[in-house]
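Notes follow once the structure below has been shown.
The values are calculated or read from the model by the stated rules, or taken from the named source; none is laboratory data. Not measured: the values here are computed from a predicted model. Cβ placement follows ideal geometry from the backbone for every residue including glycine, while neighbour counts extend to all protein chains displayed. With ligands, DNA and RNA removed, areas are computed over all heavy atoms of the protein, side chains included. Shrake-Rupley method; radii C 1.70, N 1.55, O 1.52, S 1.80 Å.
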Amino acid sequence: MGKLVSFTLCVLTSQLCLWRVWASDVKDEVKIEVLFKPLECDQKSKKGDMLNIHYDGFLAEDGSQFYCSRSDKAGHPQWLVLGVGRVIKGLDIGMMDMCAGEKRKITVPSEMAFGVSGKGPVPPNATVVFEVEVFAVTRGPRSMEAFKQVDQDQDKILTRAEVKEYLKMDYEKSGKPRDDAFYENILNDIFKKSDSDNDGVISAKEYNIYEHDEL
């Protein structure tokens, strides 16, 4: 018999809602609470999309924090590819259909987190809770459509200026413009991991965001 899935929707204000999704009578349930969702959402995240996020991890049992992206990797938001196993299974599920600017609380059981072995400060068989904020949702890293959107002059290479302009457009669209230092940090990270021949540009062949770090 298939999983029985229940949905509860609670509308609080025009911009704030809580949305809980859970699977009944199953161990591997993922619970989602939408803490904030912008009124406008041009693109919802789907498998293969590239997300730019901040996320914090907590143990459900005592609320202690085991991870904070704001204090890791220079503190700037992290890029990841959704739905391809770059993060734990529960997060891959919990971050589907998110908008730029959206915030969620995602509760993940151990079977879909770090399992019987645990990981680092996360003990075995631990349920974990993530608070996630999405800053940008873009087409998947292997999509030529995405490459062409960034490649403004269509010369089949991405310059720092082109990537920066694309990032600024995404952040400003979500209502969260940043200063130049913020974008430079992200650019340094992208080019460090993608410009394999260190020639200062990213070719179509080098365009592979799968090299970015994740939890």
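Structure notes:
- Pairing each residue of region 73-90 that is in contact (Cβ under 8 Å) with a residue 24 or more places away in the chain with any residue that is among the polar types (S, T, N, Q) and in a helix (DSSP H, G or I), provided the two are 6+ apart or on different chains, yields C-beta distances under 6 Å for 74/185; 76/185; 78/69.
- Condition broken by residue 136, with the remaining ones in (1) surrounded by fewer than 21 Cβ atoms within 10 Å (Cβ to Cβ); (2) over 21 Å from residue 30 (Cα atoms); (3) hydrophobic (A, V, I, L, M, F, W, C) satisfied: (1)
- Condition met for residue 147 (among the hydrophobic types (A, V, I, L, M, F, W, C) and either within 30 Å of residue 29 (Cα to Cα) or modelled with pLDDT of 90 or more (or both)): no
- The residue list 186, 202 contains one member that is at pLDDT 80 or above, open to solvent by less than 60 Å² (accessible area, probe 1.4 Å) and closer than 14 Å to residue 135 by Cβ, which is 186.
- Looking only at region 31-81, and only at residues there that are open to solvent by 80 Å² or more (accessible area, probe 1.4 Å) and small (Gly, Ala, Ser), the one that is modelled with the lowest pLDDT: 74
- Selection within region 153-167 - among the basic types (Lys, Arg) and modelled with pLDDT of 90 or more: 160, 164
- Count of residues meeting criterion [of a type in the set (Lys, Arg) and within 19 Å of the chain's Cα centre (by Cα)] in region 145-163: 0
- Every residue from region 88-113 that is among the aliphatic types (A, V, I, L, M), part of a loop (DSSP other than H, G, I, E, B) and open to solvent by less than 10 Å² (accessible area, probe 1.4 Å): 95, 98
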